[in-house]
1. Does region 237-244 contain at least one residue that is in contact with a helix residue (DSSP H, G or I) (Cβ under 6 Å, 6 or more places away or on another chain), surrounded by fewer than 22 Cβ atoms within 10 Å (Cβ to Cβ) and under 24 Å from residue 330 (Cβ atoms)?
2. Filter region 134-147 down to the residues that are over 21 Å from residue 283 (Cβ atoms) and surrounded by fewer than 18 Cβ atoms within 10 Å (Cβ to Cβ) and list them by number.
3. Looking at (1) buried (at least 18 other Cβ atoms within 10 Å of the Cβ); (2) outside any helix (DSSP H, G or I), which is the only condition residue 85 fails?
4. Take residue 127 and tell me if it is over 22 Å from residue 177 (Cα atoms), in contact with a helix residue (DSSP H, G or I) (Cβ under 9 Å, 6 or more places away or on another chain) and at pLDDT 95 or above.
5. I need the full set of residues from region 220-238 which are within 24 Å of the chain's Cα centre (by Cα) and at pLDDT below 95, in order please.
6. Report yes if residue 400 is over 14 Å from residue 311 (Cα atoms), out of contact with any helix residue (DSSP H, G or I) (no Cβ under 8 Å at 6 or more places or on another chain) and outside the structural domain of residue 142 (by TED's automatic domain parsing), otherwise no.
7. Return yes when residue 7 is within 28 Å of residue 323 (Cα to Cα) and at pLDDT below 95 and no when it is not.
8. Take the conditions in contact with a strand residue (DSSP E or B) (Cβ under 8 Å, 6 or more places away or on another chain) and assigned to a strand (DSSP E or B) and apply them to residue 94. Does it pass?
């Protein structure tokens with residue numbers, strides 16, 4: 001079977017470009033197993049004009065995107081510029097060249113799904129996040145007025161403030177709704193994305209397919225005993241809707257309660273603007289017990305999870321956060337905000353603790369509760385790991401995805417476990 005993917009990253013071709021990033025790891029893991037099962041081609045945006053090429057067992061089709069030039073950056077920052085719909089012509093060219101039996105679009109955030117208005121090839125669209133909902137939650141923790149108020153002069157001059165991407169977000173949300181209306185087949189993983197799809201694509205067929213995690217997280221099992229100083233860990237990003245102000249406020253409450261702890265945060269640098277905006281909006285100091293690590297590779301993330309006492313997911317909105325899934329499959333005790341699809345990954349007080357998003361008091365209380373009853377926390381970690389290993393089983397995920405491909409193409413498949 002010939003399958004064409006449209007993706008937001010080069011997937012395994014990053015090795016070909018010698019361009020390591022922290023993004024799209026789950027797609028690289030999925031590609032590694034799927035290229036053994038189908039004749040796979042992948043189309044993706046790239047910032048240089050390149051011809052198609054083959055690397056390993058996959059055929060790659062780079063789509064030129066002017067993103068690194070100064071003028072392109074300025075247009076994006078000032079006007080919230082998104083990819084032009086004319087790019088659809090290039091998508092169609094690739095489809096005609098590959099002649100796939102099935103097309104799989106990974107994500108609704110980008111423009112790829114627009115080709116469905118001009119193509120009859122059976123297509124399925126995976127929901128990664130959902131911009132239409134994220135737009136509504138964008139300023140959940142930090143008001144727009146504060147995001148603007150606490151932007152400094154340099155950020156104003158270069159249009160790099162924490163609220164700057166909101167114009168682009170709104171445009172993406174309009175395009176995303178169009179893509180959903182065009183889509184006849186949707187892949188999701190959570191109650192949340194299924195409900196969103198019912199509204200945005202009421203006539204589409206919904207398929208469930210879980211995600212393959214990065215290989216490193218399948219190996220190893222968390223085993224820690226409680227100590228006087230709690231070791232907390234979070235993976236997040238500098239986006240305003242990711243809930244960093246909840247973490248900062250929670251840490252302040254822990255300080256006031258004389259709780260001994262160290263909280264390591266991957267994905268945010270000490271000088272990121274979001275920290276200044278969040279602390280000034282909250283009117284609370286940034287705790288000296290928080291350590292911001294910046295970007296960290298998979299091995300460092302794994303080591304940090306295995307070394308912590310509690311992993312905390314803090315976002316205001318998520319679908320299936322890979323960072324939380326990585327902590328769960330390693331068996332770390334987890335506290336997560338009940339946001340978007342996290343309900344599918346944590347059963348409260350069975351595989352972790354769920355709290356209301358944006359509630360630092362509940363988060364601080366859950367941390368204290370976990371410390372006081374650490375045997376329960378360890379049991380939750382064991383339960384979480386067992387469920388996660390089954391949920392992220394690579395053989396089942398590949399089997400389910402192949403069945404989806406054959407189902408929408410009208411063919412039959414056999415001998416799949």
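1. Checked region 237-244: no residue is in contact with a helix residue (DSSP H, G or I) (Cβ under 6 Å, 6 or more places away or on another chain), surrounded by fewer than 22 Cβ atoms within 10 Å (Cβ to Cβ) and under 24 Å from residue 330 (Cβ atoms).
2. The answer is 136, and nothing else.
3. Unmet for residue 85, out of (1) buried (at least 18 other Cβ atoms within 10 Å of the Cβ); (2) outside any helix (DSSP H, G or I): (1).
4. Working: over 22 Å from residue 177 (Cα atoms): no; in contact with a helix residue (DSSP H, G or I) (Cβ under 9 Å, 6 or more places away or on another chain): yes; at pLDDT 95 or above: yes.
Answer is no for this residue.
5. 220
6. On the way: over 14 Å from residue 311 (Cα atoms): yes; out of contact with any helix residue (DSSP H, G or I) (no Cβ under 8 Å at 6 or more places or on another chain): yes; outside the structural domain of residue 142 (by TED's automatic domain parsing): no.
The answer is no for residue 400.
7. Numbers: within 28 Å of residue 323 (Cα to Cα): yes; at pLDDT below 95: no.
Considered against the rule, which asks whether it is within 28 Å of residue 323 (Cα to Cα) and at pLDDT below 95, residue 7 comes out as no.
8. Working: in contact with a strand residue (DSSP E or B) (Cβ under 8 Å, 6 or more places away or on another chain): yes; assigned to a strand (DSSP E or B): no.
No: the conditions fail for residue 94.
The values are calculated or read from the model by the stated rules, or taken from the named source; none is laboratory data. In this text the structure is predicted, and so the values were computed from the model without any measurement. Reconstructed Cβ throughout: ideal geometry from the backbone, glycine too, with neighbour counts over all protein chains shown.
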